[in-house]
Amino acid sequence: MKKLLFYISVALILGSSCKKDFLTSLSNNPNSPTSSAATPSLVLPGTITNLASIVNGAGTNGGYQVQAAWMGYWNYSGGYSFNQTVQEYVLTSGSPQNWDNYYGILTNLNVIKQQAITNSSYAQYGAISDVLSSICFQNLVDTYGDIPYSQALKGSNNFFPGYDKGSDIYDSLTAKLDAAMAKLQNPSATDIIPGSDDVLFEGSLNNWAKFANTIKLRLLLRQSAITSKQAYITSEISKTASVGYLTQDAAVNPGYSTAQQGPMYGAFGISTGGGLNGDFNYIRAGGFALNFYLLSNDPRISYFYCSKGQDPTNGNSAVYGDYYKDTMLINTTNYNADYFGIQVTQPTKGSGIGKGLIKVANQSAILILLSESYFLQAEAILRGYSSGDAKSLYQQGITSSFEYLAIGSTPDAAAQTYYSQTGVVNVSWPVIVNDQIQAVITQKWASLNGINNAEAWNDWRRTGFPIVPLSKSPTLPSTSHIPYRYFYPTGEPTTNPIAWKAAGGDKVDVYNTKIFWMP
């Protein structure tokens, strides 16, 4: 695994800013942990920022760009021959990968956790590290299946960690989140409370507890297809229902600026030199998502994508700084996209990434949208795990998506007009519960476009929604389908071969070997 340059991390923290490519510079080796001399307040900001950049950094330096293509959000400009492998769902042990990045973050989180164990005044930092490590381990399980967990992060005490079952890890993470919430809700007088070093919630332990409970809900709902888990899921949700869930976007900002841009803007926005950052010309709109927004009269289309009048690659003569700000009416002639796998209109007529995703250079990176929190709660009610008004939460989820994108002058009114339509599939509230679940998952997908592509992929694998068409690539083998998982990285069979093979790493079929929670 790649080595951590700790002093870069400290510089990032002290400067409260980051470069757009810092993600790939800060991956580190879980068997070579960060210096124990670093206090939790120094390690925490860079660690949170790194995690947000994997989840939200959807450019070529981000973690889940291929999922944006698989799930119909994005396509690629013509002329990039290497995209044939992506369009044919070809995966290798070298790419795509997030293994090193997540274990690098987990190494730093483990430093915080160990200091909390040895110094009780850091108890709240320890709870926060447990919340963040739960995200990392869940994402690793969701991507790879069985992974090193209980034996990982031991440094020289265990260079060859064994693999734990994904289902066991999930149960452990659920218990860990419960313990973290209990601690976050009951700080002692001697606890050091994070302040400006908390680049997510600015020291609000209440928000951290709600965030942890939202992560827990996501963990539990991921297992909704497992018959034997139904009573367990209901019980676990009820245990922490009083904590509540996110009431705001979980947005990370260590001090992004024009010079040190956030991950999304750094990929698609205006560069420090005044031109376009590299990924804008590389990524085009995906035909499946674009048509969904068009056919459902969804004004979010002009915020997720550029119209002809906004997109400088389509002959717009306006200065770059203006084209993200225009308010465009829905017009089917203003937007163009090919379905994933073909580039007939790309790039000369295809729509680019829009102003709802690319706002300002200092925009925050999203770990979890508030809209996702509402959709998770709605699904839990529909499946009988909890009580409440699923329809109201569904509508709040849509409204929160409109608010995040800043749709028009009154996002709430625009959202109400949208979800109040009658007879529009996966927009109007259905009568049948199964159709309601499909609508919730589909609207979650519609809100996550380019923001959290991995969650859309997870929902597709778990529920089959949205019903995404296969790649249209003419060279796609007839037996292909969207992959179920990633290959283990090359380093595992070469540096940890016994554990890797014992976990079945040599038998992984990314198209047919399912993650434990898949139906």
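The values are calculated or read from the model by the stated rules, or taken from the named source; none is laboratory data. Please read these numbers as outputs of a predicted model, since none were measured by experiment. Ideal geometry is used to build each Cβ from the backbone, glycine not excepted, and the neighbour counts take in all protein chains shown. All accessible areas refer to the heavy atoms of the entire protein, side chains included, with ligands and DNA or RNA removed. Shrake-Rupley method; radii C 1.70, N 1.55, O 1.52, S 1.80 Å.
Under a 1.4 angstrom probe, counting protein chains only, how are Trp74, Trp500 ranked by accessible area, largest first?
Accessible-area ranking of Trp74, Trp500, largest first: Trp500, Trp74.
Over the chain, what percent of the accessible surface lies on carbon and sulfur atoms, probe 1.4 Å?
With neighbouring chains kept in place, the figure for the chain is 54 percent.
What number, in percent, do you get for the relative contact order of the range 206-301 if the mean sequence gap of Cα pairs under 8 Å and at least 6 apart is divided by its residue count?
18
Considering only protein heavy atoms, what is the solvent-accessible area of Thr190 at a probe of 1.4 Å, reported in Å² to the nearest 10?
100
So for the chain, taking the charge dipole from beta-carbon charges (+1 Lys/Arg, -1 Asp/Glu), which of Tyr486, Val141, Leu205 sits furthest toward the positive end?
Of the options given, the answer is Tyr486.
Between Asp509 and Ile226, 0.36 nm times their residue separation minus their Cα-Cα distance comes to what?
Extra length from Asp509 to Ile226 when fully extended: 99.7 nm.
How far, in nm, would the chain grow between Val433 and Thr85 when pulled straight, counting 0.36 nm per residue and subtracting the alpha carbon separation?
Taking Val433 through Thr85 to full extension adds about 121.4 nm, to one decimal.
For the chain, with the dipole built from +1 on Lys and Arg beta-carbon atoms and -1 on Asp and Glu ones, taken about the Cα centre, which of Gly104, Ser242, Thr422 lies farthest toward the positive end?
The listed residue farthest towards the positive side: Gly104.
If you line up the long axis of helix 166-184 against the longest principal axis of the chain, both from Cα atoms, how many degrees apart are they, to the nearest 10?
80
Rounded, prolate or oblate: which one fits the range 366-519, using the alpha carbon gyration tensor with axes a ≥ b ≥ c (rounded when a/c is under 1.5, else prolate when a/b beats b/c, else oblate)?
Taking the square roots of the gyration eigenvalues as a ≥ b ≥ c, the range 366-519 is prolate.
What's the magnitude of the charge dipole for the range 431-519 around its Cα centre, counting Lys and Arg as +1 and Asp and Glu as -1 at the beta-carbon? Answer in Debye, nearest 20.
Here the range 431-519 has a charge dipole of around 80 debye.
At 1.4 Å probe size, put Asp168, Asp146, Asp435, Asp338 in order of accessible surface, largest to smallest.
Largest accessible area first, the list is Asp168, Asp435, Asp146, Asp338.
Need one number: % antiparallel among DSSP beta bridges in the chain, to the nearest 5.
So the antiparallel bridges amount to about 90 percent of the total.
Once you keep just the Cα pairs under 8 angstrom separated by 6 or more residues, what percentage relative contact order results for the chain?
Rounded, it is 21 percent for the chain.
How tilted is helix 123-144 with respect to the longest principal axis of the chain? Cα atoms for both, answer in degrees (0 to 90, nearest 10).
60
What whole-number value in Å² describes the accessible area per residue of the chain for a 1.4 Å probe?
The answer is 36 Å² per residue.
Of Val141, Val66, which has the most accessible area with a 1.4 Å probe, and how do the rest follow in descending order?
Val66, Val141
Would you kindly state how much longer the chain becomes between Asn186 and Thr118 on full extension, computed as 0.36 nm times their sequence separation minus their alpha carbon distance, in nm to one decimal?
22.6 nm
Can you give me the long-range amide H partners of Leu276? Hydrogens built in the peptide plane at 1.01 Å from N, cutoff under 5 Å, separation of 5 or more residues or another chain.
Ser271
Kindly write out, for the range 104-119 in residue order, the coupling ³J(HN,Hα) from the Karplus curve 6.51 cos²θ - 1.76 cosθ + 1.60 (θ = phi - 60°), rounded to whole Hz, with x marking Gly and Pro.
x, 5, 4, 4, 5, 5, 5, 4, 4, 4, 5, 5, 5, 5, 7, 9
Mind giving me the nanometre distance, one decimal, between the label points for Ala502 and Asn158, set 7 Å out from Cα along Cα→Cβ?
1.0
As I understand it, the dipole of the chain uses +1 on the Cβ of Lys and Arg and -1 on the Cβ of Asp and Glu, about the Cα centre. Which of Gln84, Ala285, Val431 lies farthest toward its positive end?
Checked the options; the winner is Gln84.
Take each of the peptides 390-397, 279-286, average the number of other beta-carbon atoms within 10 Å over its residues, and list them starting from the highest.
Packing order, densest peptide first, comes out as 279-286, 390-397.
What is the distance, in nm, between label points placed 7 Å from the Cα along the Cα-to-Cβ direction at Ile342 and at Thr92?
Here the modelled spin labels are 2.8 nm apart.
When only Cα pairs under 8 Å and 6 or more residues apart are kept, what is the percent relative contact order across the range 346-441?
23 percent.
Express the C-alpha Rg of the chain as a ratio against the empirical globular expectation 2.2 N^0.38 Å, rounded to two decimals.
Normalised by 2.2 N^0.38 Å, the Cα Rg of the chain equals 0.93.
If each DSSP helix of 4+ residues adds -39,500 (n - 2.57) and the sum is divided by the residues in the chain, what number results at 222 nm, nearest 500 deg cm²/dmol?
Calculated mean residue ellipticity at 222 nm is -13500 deg cm²/dmol.
So how much accessible area does Ser133 have, in Å² to the nearest 10, using a 1.4 Å probe?
Its accessible surface works out to 10 Å², give or take rounding.
Please tell me which of these pairs span more than 27 angstrom C-alpha to C-alpha: Lys444/Lys507; Lys154/Lys216; Lys229/Lys514?
Lys444/Lys507
Taking just the alpha-carbon atoms of the range 108-242, what radius of gyration and Dmax come out, in angstrom?
15.5, 45
Need one value: the accessible area of Val440 in square angstrom, 1.4 angstrom probe, rounded to the nearest 10.
0
About its Cα centre, what dipole magnitude does the chain give when the only charges are +1 on Lys and Arg Cβ and -1 on Asp and Glu Cβ, stated in debye to the nearest 20?
Taking the Cα centre of the chain as origin, the dipole is about 380 debye.
Helix 370-382 sits at what angle to the longest principal axis of the chain, using alpha carbons and giving 0 to 90 degrees rounded to 10?
Roughly 80 degrees between the two axes.
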